[in-house]
Amino acid sequence: MEVKPIAEKDKGMGPLSGVKNIIAVIAGKGGVGKSTVAANLAIALSKTGNKVGILDADIMGPSVPIMFGVEGQQPGVIDREGKTLMVPLENHGVKILSLGFFVQPNQALMWRGSMINKAFNQLMNDSEWGNLDFLVIDMPPGTGDIQLTLAQSYNIRGTVLVTTPQKIATADVRRAAMMYRQDKLTIPLLGLVENMSYFTPEEYPDKKYYIFGKGATDELAKELNIPILGRIPIGEKIVESGDGGTPIILNENDKTGAIFIEIAQKVQDEINKL
Ligand SMILES: Nc1ncnc2c1ncn2[C@@H]1O[C@H](COP(=O)(O)OP(=O)(O)OP(=O)(O)O)[C@@H](O)[C@H]1O
Ligand SMILES: [Mg+2]
């Protein structure tokens, strides 16, 4: 497939003109914690004084509505200059839209690429995002046509790559990273988040057990010449909080929140360097 970067004249135009930075959260493999990172990063950016939206572009596993506790709700609509616009839902200080609002989970497999693109474009262009400092996109895993189309249709400021420490996960994220670095499509890779990095038992808060190994993420970061933005420990509270609609960053007694705040800060630092 031919790769076309967004035309210079189209940058910053259109309905998304109020959105300063589109950040795509990507991964090579499914289930590595992309949605968890996207949700916590979005809230972290909001907590540090930014106007933030999150868009769930993962039709196979739209988990953002669950993580934001808005599952089952539908976005509103308004008329603006003869055009019907979707109004994002809002929770935890973040505006939310999801491909999951369009499709029943058991129908997702029947959606063709062109339908997904159309629905995605609607979420991007025909929605009342308003002025945002950051629009975080939870991208579907992998490097298929959909990912490529999305990447070349929008002015993405940068990507955040999510991986787990296993070699098999870093190999997949390497492929995803290369897709965003193809010849003409040079979307900056802002850095890597290593999820499920280590385990710290509650009774031994100073210990770190590297259950999934150590070193593969560092190797990849070196190879791609990008920073590691942060390492997230394994924890059942991360699962419970995500499933319960209040991502871990909202739990002030848990140390993981501070890690996400630091990741949000580093994302902004990396953008400022571009
Ligand atoms: N650091 C962590 N510790 C423990 N569990 C985690 C951690 N990060 C994510 N999980 C859990 O792993 C599962 C997968 O996470 P998540 O949905 O964020 O991954 P994903 O990459 O978006 O997956 P998919 O490819 O299905 O969209 C979820 O149940 C989540 O709660
Ligand atoms: Mg997901």
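The values are calculated or read from the model by the stated rules, or taken from the named source; none is laboratory data. Keep in mind that this is a model prediction, so the values were computed, not measured. For neighbour counting, all protein chains shown are included, and Cβ atoms are generated from backbone atoms with ideal geometry for every residue, glycine included. Each accessible area value is taken on the protein alone, full model and side chains, heavy atoms only, with ligands, DNA and RNA left out. Shrake-Rupley method; radii C 1.70, N 1.55, O 1.52, S 1.80 Å.
Observations
- Scanning the range 175-195 for residues that are open to solvent by 60 Å² or more (accessible area, probe 1.4 Å), out of contact with any Gly (no Cβ under 7 Å at 6 or more places or on another chain) and part of a helix (DSSP H, G or I) gives a single hit, 178.
- Within the range 227-238, restricting attention to residues that are in contact with a strand residue (DSSP E or B) (Cβ under 9 Å, 6 or more places away or on another chain) and free of Cβ contacts under 8 Å to residues at least 40 places away in the same chain, the residue that is farthest from ligand 1 (Cβ to nearest atom) is 228.
- Residue that is surrounded by the most Cβ atoms within 10 Å (Cβ to Cβ), among those in the range 234-274 that are within 23 Å of residue 165 (Cβ to Cβ) and among the basic types (Lys, Arg): 266
To keep it simple, each residue is scored yes or no on (1) among the hydrophobic types (A, V, I, L, M, F, W, C); (2) more than 15 Å from the chain's Cα centre (by Cα).
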residue	(1), (2)
80	no, yes
111	yes, yes
129	yes, yes
148	yes, yes
161	yes, no
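- Of the candidates 93, 33, the single residue that is more than 15 Å from residue 128 (Cβ to Cβ), in contact (Cβ under 8 Å) with a residue 12 or more places away in the chain and open to solvent by 30 Å² or more (accessible area, probe 1.4 Å) is 93.
- Residue satisfying all of: in the range 17-30; within 11 Å of ligand 1 (Cβ to nearest atom) and β-branched (Val, Ile, Thr); surrounded by the fewest Cβ atoms within 10 Å (Cβ to Cβ) among these: 25
- Scanning the range 125-164 for residues that are open to solvent by less than 20 Å² (accessible area, probe 1.4 Å), among the hydrophobic types (A, V, I, L, M, F, W, C) and not in a strand (DSSP E or B) turns up 129, 139, 148, 150, 151.
- Cβ separations smaller than 6 Å between residues 6+ apart or across chains give the following pairs from the range 105-128 residues that are at negative phi to residues that are open to solvent by 60 Å² or more (accessible area, probe 1.4 Å) and among the aliphatic types (A, V, I, L, M): 108/60.
- For first residues located in the range 195-213 and touching a residue at least 40 places away in the same chain (Cβ under 8 Å), partners that are small (Gly, Ala, Ser) and lie 6+ apart or on another chain with Cβ distances below 7 Å form the pairs 195/33; 196/33.
- Complete set of residues in the range 36-63 that are in a helix (DSSP H, G or I) and either more than 10 Å from ligand 1 (Cβ to nearest atom) or open to solvent by 10 Å² or more (accessible area, probe 1.4 Å) (or both): 36, 41, 42, 43, 44, 45, 46, 47
- Of everything in the range 64-90 that is within 16 Å of ligand 1 (Cβ to nearest atom), of a type outside the set (A, V, I, L, M) and open to solvent by less than 30 Å² (accessible area, probe 1.4 Å), the residue that is nearest to residue 244 (Cα to Cα) is 68.
- Only one of the numbered conditions (1) in a loop (DSSP other than H, G, I, E, B); (2) modelled with pLDDT under 95 is not met by residue 226, and that is (2).
- Test result for residue 78, of a type outside the set (Phe, Trp, Tyr) and within 16 Å of ligand 2 (Cβ to nearest atom): no
- Residue among 105, 141 that alone is at pLDDT below 85 and under 21 Å from residue 230 (Cα atoms): 141
- In this structure, residue 249 does not satisfy being within 16 Å of ligand 2 (Cβ to nearest atom), modelled with pLDDT of 95 or more and outside any loop (DSSP other than H, G, I, E, B).
- Residue 207 being touching a Pro at 6+ places or on another chain (Cβ under 9 Å), outside any helix (DSSP H, G or I), over 19 Å from residue 142 (Cα atoms) and modelled with pLDDT of 95 or more: yes
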